[in-house]
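The values are calculated or read from the model by the stated rules, or taken from the named source; none is laboratory data. Predicted, not measured: the structure shown is a model, and the values here were computed from it. All Cβ positions, even for glycine, are placed from backbone atoms using ideal geometry, and neighbour counts span all protein chains on display.
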Amino acid sequence: MKNWLRQDLWRHVIGFAICLFSLFPLYLVVISSFSSTGSLQLTSFIPTEISFKNYNVLFNDPTIPYLRWVKNSLIIAGSVAVLSVMIGTASAFAFSRLKFKGRKTGIQLLLLVQMFPAILAISAVYVIMERVYNFAPAIGLGTQAGLLLVYLGGAMGVNIWLLKGFVDSIPAELDEAAKIDGASAVQTFWLIFVPLASPVLAVVALLSFIGTFNEFILARLFLVDMENRTVAVGLQQFIGSQYSQNWGPFAAGSILASIPIVIIFLSLQKYIVSGLTAGSVKG
């Protein structure tokens, strides 16, 4: 017992303090969502009353299409996750296994693009998508399809490098054995690489979904129509006013919007550690 107190107690104390520090802001948001005052300034850490007024505002106010915002976010984030995995997987396999002209230059350009902050491209992307709208309104500025294309372009570099690191760790002998058995490059891709890469593919999909679901700047810049907004942009109207801020509905909407992310995270939890470390070690 004394050895445990001397050797392990401090670890448990530090762990408990870190958990408390991390969960305290979440506790404030949850309490604020059930408060009728619409403020984050609480008089007591233990609520004296529980009100569903803020949740009623989200679901019953005709001027606040909250469910439509959540639907838009799920569609856009889900589409980005699926397309990122499909395009990134094929590109990583090509850069790692296939030999073609410009292969080395292309992978170096991907690395070079990632060295610059994404915020630098906002002005250029805005001008480009504004001009695209003139001849293709369906995928131009102010549309969800246009925002989807921008998200895909920004996510490809990181995803391809992460997936390429995993492909490089797969022994080349598997490819050679597949060729001896008469398998083509496409068959090798689908029958060998994709099954082996399922952990890292799940990680790429998860990171793409979470990053897109929570993204605000580009969505705020592109989506103007109230019905087309994502949940991050839609909730901003509760706290974006200079003279009035209603934190109650904002907190309630944030709590509800986090549920899909938590569910997806927990369902893919077993792939996260193995997927993130899969391409980091060679040999």
Cβ pairs under 7 Å, 6+ apart, first in the range 56-77 and within 14 Å of residue 257 (Cβ to Cβ) and in the same structural domain as residue 205 (by TED's automatic domain parsing), second buried (at least 19 other Cβ atoms within 10 Å of the Cβ) and of a type in the set (Lys, Arg): 69/229; 72/229
Take the conditions in contact with a Ser or Thr (Cβ under 6 Å, 6 or more places away or on another chain) and not hydroxyl-bearing (Ser, Thr, Tyr) and apply them to residue 81. Does it pass? yes
Go through the residues of the range 156-171 one by one and say whether even a single one is crowded, with 18+ Cβ neighbours inside 10 Å, assigned by TED's automatic domain parsing to the domain that holds residue 78 and more than 22 Å from the chain's Cα centre (by Cα). yes
Does the range 119-138 contain any residue that is in the same structural domain as residue 225 (by TED's automatic domain parsing), out of contact with any Lys or Arg (no Cβ under 8 Å at 6 or more places or on another chain) and closer than 26 Å to residue 185 by Cα? no
Could you count how many residues in the range 233-273 are part of a helix (DSSP H, G or I) and surrounded by 12 or more Cβ atoms within 10 Å (Cβ to Cβ)? 22
Taking the range 133-152 as the region of interest, how many residues are of a type in the set (S, T, N, Q) and in contact (Cβ under 8 Å) with a residue 12 or more places away in the chain? 2
Would it be correct to say that residue 184 is polar (S, T, N, Q), in the same structural domain as residue 128 (by TED's automatic domain parsing) and within 30 Å of residue 142 (Cα to Cα)? no
Among the helices (runs of 4 or more DSSP H) lying completely within the range 121-232, list those that include at least 1 residues that are within 27 Å of residue 105 (Cβ to Cβ). 122-135, 144-169, 172-180, 185-188, 198-214
Confirm whether residue 107 is farther than 20 Å from residue 221 by Cβ, in the same structural domain as residue 184 (by TED's automatic domain parsing) and among the β-branched types (Val, Ile, Thr). yes
Take residue 182 and decide whether it is on the phi > 0 side of the Ramachandran plot and of a type in the set (Gly, Ala, Ser). yes
